[in-house]
1. Tally time: how many residues in segment 189-211 are free of Cβ contacts under 8 Å to residues at least 12 places away in the same chain and either out of contact with any strand residue (DSSP E or B) (no Cβ under 7 Å at 6 or more places or on another chain) or crowded, with 19+ Cβ neighbours inside 10 Å (or both)?
2. What tally of residues in segment 182-206 results from selecting those that are part of a helix (DSSP H, G or I) and over 22 Å from H150 (Cβ atoms)?
3. Among L240, L214, which is in contact with a Ser or Thr (Cβ under 7 Å, 6 or more places away or on another chain), touching a residue at least 60 places away in the same chain (Cβ under 8 Å) and closer than 30 Å to V22 by Cβ?
4. Please identify the pairs in which a residue from segment 219-236 that is at positive phi and touching a residue at least 12 places away in the same chain (Cβ under 8 Å) has its Cβ atom under 8 Å from the Cβ atom of a residue that is buried (at least 20 other Cβ atoms within 10 Å of the Cβ) and in a strand (DSSP E or B), counting only partners at least 6 apart or on another chain.
5. Does segment 25-37 contain at least one residue that is more than 30 Å from I98 (Cα to Cα) and either touching a strand residue (DSSP E or B) at 6+ places or on another chain (Cβ under 6 Å) or surrounded by fewer than 12 Cβ atoms within 10 Å (Cβ to Cβ) (or both)?
Amino acid sequence: MTAQNHLLRDKAPIPELAWKAVDDEARERLSPLLTARRLADWNTGTAGWEVSSVDVGRVRRLDGPPPGVKADGAKARLRQVQPLAEFRVPFTVSRDEIDDIQRGAQDPEFDDLARAAREAAVIENRAVFHGWPEAGISGICEVSPYDALHLGDDTERYPDVVARAVDQLRRNGIEGPYAMAIDPEGYTRIVETAERGGTLLFEHLSRILGGQILRAPGLDGALVVSQRGGDFLLDVGQDLSIGYSDHDGDTVHLYLEESFTFRVVEPDATVTLR
């Protein structure tokens, strides 16, 4: 987890050893849940908390110079940017647990942190997959120009449907390898299924895709995307970090915080599966 001054971490009654335990737990919880990051390119890395927007390389025509200016033939344009959205997910840590870590406890109980990590990951995933209109983010599933394919619950149909999705992308000049992201229930069906002859469905689909199959909390259904690069851009200002709010005699109140935005550069690079 990133440490920054505005997070007020130095004001928290948490010693260095306990802070490390909290950060390590957050990283361990978040890493397998942040599925969208494994499908998108990080456009600018982590630009910093103070960054408010990203340049999208476009302009909007203005009617002309400012009022009162006479400049025949002058043209004016306004640079276009996309603002970053920010969010916080609060959680608590017991001061008794902090004390036990200082005593050498190797099994800290951070149940509320685990809950906050799940919620934070779903916020980011959901925005990337299904959009966040109020934040100016269009999701991957929203912009796909193709008719959605019906995946359903019958795993025997999965190889055929995924192969059709891959073929759709190839026929439109979208190169692979390809990846499939699917909601947690669908992912469980895949990993638990063996086809006739004993071949694992997971292995069969991986061969069709030539890429990853990812469990995606926050995604409704599934999608197949190209992993050739450059089609989906994630801009992160401040990466997920832990900050301090306040405390009392029993509990320290913390939060997970992030600023980011997302853009689809090539809508043709994804097929949605229902």
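1. 8
2. Qualifying residue count for the region: 1.
3. L214
4. Note: pairs meeting the criteria are G221/I182; G221/T272; G221/L273.
5. Yes: one or more hits.
Quick note: the coordinates plus some simple rules give every number you see, no bench work behind them. Computed from a predicted structure; not experimentally measured. Methodologically, a virtual Cβ is constructed for each residue, glycine included, from the backbone with ideal geometry; neighbour enumeration extends over all protein chains shown.
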